[in-house]
Amino acid sequence: MAKSRGLVAVNVEECKGCKLCVEACPVNVLHLSESFNTHGYSPAEYEGEGCTGCGVCYYACPEPGAITVFKNWQEAQQAYICQTSNKPSQLTLVDPIQGIAECEACGQQVILSNFRALSFAE
Amino acid sequence: MSVKILSKSEAFYDTYERRPGSNKDQTHYCPGCGHGILHKLIAEALVDFGVTKNSIVVGPVGCSVFTHYYFNAGNFQSAHGRAPAVATGVKRSLPESIVLSYQGDGDLAAIGGNEILHAANRGEAITVFFVNNAIYGMTGGQMAPTTLIGQKTTTTPYGRTLENEGYPIGMSEIISQLASPVYVERVMLADTRSINAARKAVRKGIENQVEKKGFSFIEVLSTCPTGWKMTAPQAEEWIKTTMLESFPLGVYKDIADQVEPLILHKDTVPSRRVPKFLGLNQEGEGFDISQMKIAEDVDQEIKIAGFGGQGVLSLGVWLSEIGMREDLKVSWIPSYGPEMRGGTANCHVKLSRTDIGSPLVTHSNILIAMNRPSLEKFEADVVEGGVIIWDNSLIDIEPTRKDIRNMPIPATQIAKDLGTTRISNVVILGVLAGITDFLDPDVVQRVLPIIFKKKQLLSINLKAFQKGLELGRELAN
């Protein structure tokens, strides 16, 4: 598996399982999940590693907020601002498949697909 | 160092609060629909040019009728085909705003053919996005002016023919022949490369307007997996293999670099004078609803409601079918949202011994609620002493009314036990036959083979009907 430069996070509730991202991904690191979301669709799921951060899946996806791509995950990790203390912190990836990370400063879990709730240093 | 993240554009609402029902997370489009991709490209361009708060999206009639659910900008929803006319008015009254007309092929090329030609010919300084998927998607896949020769649709079941319907209409070709438009391009949403090209065209169209260059027209060949009866990846492939032959891509006209920016004048009537110009009184003239009489001789007024896909509309059709065979007058009208899959649906059924005046059921004597929203919404409309049949295997609340006959039926569970949840509506049909005297079980059993032509489907449906019938008779006693 290629080195994971980027990171893709799927918002399970927004995904409709149309499979366009799965087909579009140049490095084949997306597949459809076995489980269902509350709307009855099988959402796309990240393999957990190998994302290059190219963003092809983001543009292939018809749902506005279903896919979030961190083009350079390492940069994003280090530039994270803690939501509780509003101070520079770092993110540790807890579950790459579900897109869950942990803030080092406050220890709280961060859902990466909920991008608008996160902030990063300029 | 700025962190590069591709995510939901700020030009979209966080959650779609304007969308009715419980699903505020997703757009109403079918899985794999090209509309969403184009929405994203437009939203991204609006944010990148810094004009989101200054933009007005004029929506059409068609699948994209609800653009106002999604774009966190100014929104208009216009009458069928009239988006360019509305956009003209908006742009002229607010010349500094960025006005986008977003239309499908039925809207733009058929009913709105006149509007778009003259808006283009006048060179209105707007940007038009024309989503061409060669079909009427929202209304169920009928032939559009852009349907390809040989393409099968619900209204051309043997394929569109040259002799009968003529060639598909090339709107980019037509509009590029006019003198006023500054930019006309046809793009497609079929793979990574073409989406990227479409992204550039969208940006160019919006940039032209930011620079006050005049009329821009971007035709986007887009997928309709539901209407084409394909999966989303197959639909993208079909654009490339089939649609491109009739709709060649390319820049049909681009004179944006050669034209001077337009100077737009604001010339409008003060808003408080508008009612006077339109001849309106300050207070509306009401009419007395108590004067209207509801026909008393209608025997059964039935409302059936549930999720799309539960067969609520079919159940209504069957009731009408059975009623006809019992020599009753019948009517059936469906009411559902523009979503082809999912969403809520209901239908009104009347069965009567005398002529039916109106097919609308405003006060039902039988309500069949197959999901919770339906029970909550229609419970109040049931007449005193009426029947509420509700699926207590799916609905986790009880009817609040005490003056009705309460009939909880675990229809979905019964159907599931029989092998498939899809026959829950037949269970309900059985219950109806058991509790009422207007449905003769013998007639129903003779009609069922007409409805279910496949033998393997018939036996399981007959079983479901029997099960419902027994349950209904138990409840009636």
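Where a number appears in this text, it was derived from the coordinates with a stated rule and is not lab data. All of these numbers come straight from a predicted model, not from anything done at the bench. Glycine gets a Cβ as well: all are built from the backbone with ideal geometry, and neighbour counts include every protein chain shown.
Some notes on this structure:
- Under the Karplus curve 6.51 cos²θ - 1.76 cosθ + 1.60, θ = phi - 60°, whole-Hz ³J(HN,Hα) for the range B:160-169, x wherever Gly or Pro sits: 5, 10, 5, 5, 8, 10, x, 7, x, 8
- Taking all Cα pairs closer than 8 Å and separated by 6 or more residues, the relative contact order of the range B:34-267 comes to 19 percent.
- Ratio of Rg to Rh for the protein assembly as shown: 1.02 [Cα atoms; Kirkwood radius as inverse mean 1/r over pairs].
- The radius of gyration of the Cα set in chain B, together with its Dmax, comes out at 26.5, 84 angstrom.
- For B:Ile149, no residue has an amide H sitting under 5 Å from its own, ignoring neighbours fewer than 5 places away on the same chain, with H placed 1.01 Å from N.
- 3J(HN,Hα) along the range B:216-231: 10, 9, 10, 8, 10, 6, 10, 8, 9, x, 5, x, 8, 6, 9, 7 Hz, from the Karplus curve 6.51 cos²θ - 1.76 cosθ + 1.60 with θ = phi - 60°, whole Hz, x for Gly and Pro.
- For chain A, a crude dipole built from +1 on the beta carbon of Lys and Arg and -1 on the beta carbon of Asp and Glu, taken about the Cα centre, is about 260 debye to the nearest 20.
- For the range B:296-476, the antiparallel share of DSSP beta bridges with both residues in that region comes to about 55%.
- Amide H within-cut-off set for B:Gly386, under 5 Å, with H built and near neighbours excluded: B:Arg405
- Equivalent ellipsoid of the range B:1-42: semi-axes from √(5λ) of the C-alpha gyration tensor, largest first, are 23, 14, 8 Å.
- Charge dipole (Cα centre; +1 on Lys/Arg Cβ, -1 on Asp/Glu Cβ; no other charges) of chain B amounts to roughly 860 debye.
- Mean Cα-pair separation over length for chain B, i.e. relative contact order, pairs under 8 Å, 6 or more apart, %: 10 percent
- Its Cα centre serving as origin, the protein assembly as shown has a Cβ charge dipole (Lys and Arg +1, Asp and Glu -1) of approximately 720 debye.
- Cα principal axis extents for the range A:7-70, largest first, Å: 29, 22, 18
- Spin-label model, B:Lys416/B:Glu96: points 7 Å from Cα along the beta carbon direction are separated by 5.9 nm.
- Across the range B:296-476, the mean sequence separation of Cα contacts (distance under 8 Å, 6 or more residues apart), normalised by length, yields a relative contact order of 19 percent.
- Against the rule of thumb 2.2 N^0.38 Å, how large the Cα Rg of chain A comes out: 1.03
- Placing unit charges on each Cβ (+1 for Lys and Arg, -1 for Asp and Glu) gives the protein assembly as shown a dipole about its Cα centre, and among B:Ile435, B:Leu94, B:Leu313 the Cα reaching farthest toward its positive end belongs to B:Leu94.
- Mean residue ellipticity, 222 nm, helices only, chain B: the sum of -39500 (n - 2.57) across DSSP H runs of n ≥ 4, divided by residue count and rounded to 500, is -9500 deg cm²/dmol.
- For B:Val128, the residues whose amide H sits under 5 Å from its own are B:Ser101, B:Ser216, B:Phe217, B:Ile218, ignoring neighbours fewer than 5 places away on the same chain, with H placed 1.01 Å from N.
- Label point distance in nm, B:Met230-B:Arg372, each placed 7 Å from Cα along Cα→Cβ: 3.9 nm
- Rough spin-label spacing in nm, given labels placed 7 Å along Cα→Cβ, for A:His31 and B:Val383: 5.9 nm
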